[in-house]
1. Using protein chains only and a probe of 1.4 angstrom, how many square angstrom of Thr232 are accessible, to the nearest 10?
2. What is the sum of charges around Lys92, taking Lys and Arg as +1, Asp and Glu as -1, for the other residues whose C-beta is under 13 Å from the C-beta of Lys92?
3. For region 93-155, with only Lys/Arg (+1) and Asp/Glu (-1) charged at the beta-carbon, what is the dipole magnitude about the Cα centre, in debye rounded to 20?
4. Amide H neighbours of Leu229 under 5 Å, counting only residues 5+ apart in sequence or on other chains, H built in-plane at 1.01 Å?
5. Once you have a ≥ b ≥ c as the square roots of the Cα gyration tensor eigenvalues for region 135-236, tell me rounded if a/c is under 1.5, and otherwise prolate or oblate according to whether a/b is larger than b/c.
6. Got a sec to turn the phi values of region 181-196 into Karplus ³J(HN,Hα) couplings, 6.51 cos²θ - 1.76 cosθ + 1.60 with θ = phi - 60°, whole Hz, x for Gly and Pro?
7. Would you mind computing, in nm to one decimal, how far apart the modelled labels at Met86 and Asp204 are, each placed 7 Å from Cα along Cα→Cβ?
8. Taking the Cα centre of region 146-236 as origin, sum charge times position over the Cβ atoms of Lys and Arg (+1) and Asp and Glu (-1), and report the length of that vector in debye to the nearest 20.
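The values are calculated or read from the model by the stated rules, or taken from the named source; none is laboratory data. Here the structure is a predicted model, which means the values were calculated and not measured. Positions of Cβ are generated from backbone atoms using ideal geometry, with glycine treated the same way; all protein chains shown enter the neighbour counts. Accessible surface areas use protein heavy atoms only, side chains included; no ligands, DNA or RNA. Shrake-Rupley method; radii C 1.70, N 1.55, O 1.52, S 1.80 Å.
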Amino acid sequence: MGVLEPEPLLPEEPVLPGEPLLPEEPVEPLVPGEPLGPPVPEEPVEPLLPDELVAAHVPDGSTVAEEASRASHIDTAASETQLIVMDVAELKGALEAILLVVDEPVGEIMLAQIIEQPTERIVATLRELAAEYDAQGRGFELRSVAGGWRFYTRTTYAAYVERFVLDGQQVRLTQAALETLAVIAYKQPVTRSRISAIRGVNCDGVVRTLLSRGLVEEMGTEPDSGAHLYRTTTLFLEKLGLNSVDELPPLAPFLPDDVEALADAP
């Protein structure tokens with residue numbers, strides 16, 4: 001195999017003596033701040049449409065649209081879990097089981113939180129149960145008392161219940177206790193000294209009796225004197241079948257006609 005010989009270089013054309021060189025184009029000096037050439041117009045950049053955001057990627061490699069779709073499916077699944085409707089028979093059974101073990105009226109909101117059902121449905125089911133017991137003439141009834149619901153024995157069978165529980169005897173409040181309880185109910189919150197002033201006798205022993213029965217309770221102190229203030233309890237409302245003290249009957253019909261003269265008397 002032969003060796004390739006390099007091609008001979010062409011000789012440069014000699015410059016003849018006395019032949020003028022071609023003149024070079026003059027270079028204009030640059031002025032500070034002047035652009036090097038004519039300005040090139042910039043093409044306007046159109047904003048990305050929402051659909052074009054699909055091209056943007058998140059760290060795990062999925063697009064923003066895919067992440068939004070995934071989050072939407074998660075939220076929808078969570079909301080469907082929360083909106084699971086309990087069977088009517090199961091809901092009634094759950095309410096009855098809870099109400100059988102409570103020792104005081106329980107509110108609809110608490111029942112709704114425990115059973116995880118809407119409060120409106122809880123209220124409607126409680127009223128339906130109460131109507132069913134009344135229609136069937138059961139020995140118990142479901143009442144809405146003191147801001148909550150609880151089972152009670154029906155008044156029709158009260159004599160049998162008393163005979164069984166008390167053996168024909170009833171523990172009643174004394175007249176002094178009833179008067180003191182009435183003063184607290186209508187004047188609450190009230191101090192012992194104010195109760196004694198209204199009744200005209202010392203009421204310390206009677207107030208202690210009402211406290212032990214759970215019909216009244218302490219609720220702080222009076223700012224000026226520091227004396228204890230008393231008010232009625234939920235048990236008081238329950239015994240009277242009231243939801244609040246606002247349902248107490250007005251006192252005006254029970255006051256004597258000369259009440260102003262009695263108030264001014266020494």
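1. For Thr232, solvent-accessible area is about 10 Å².
2. -3
3. I would put it at about 160 debye.
4. Met219, Gly220, Thr221, Glu222
5. Note, shape of region 135-236 comes out prolate.
6. 5, 5, 4, 5, 5, 8, 10, 4, x, 9, 8, 5, 5, 5, 4, 5
7. In this crude label model, Met86 to Asp204 measures out at 5.1 nm.
8. Approximately 240 debye in magnitude.
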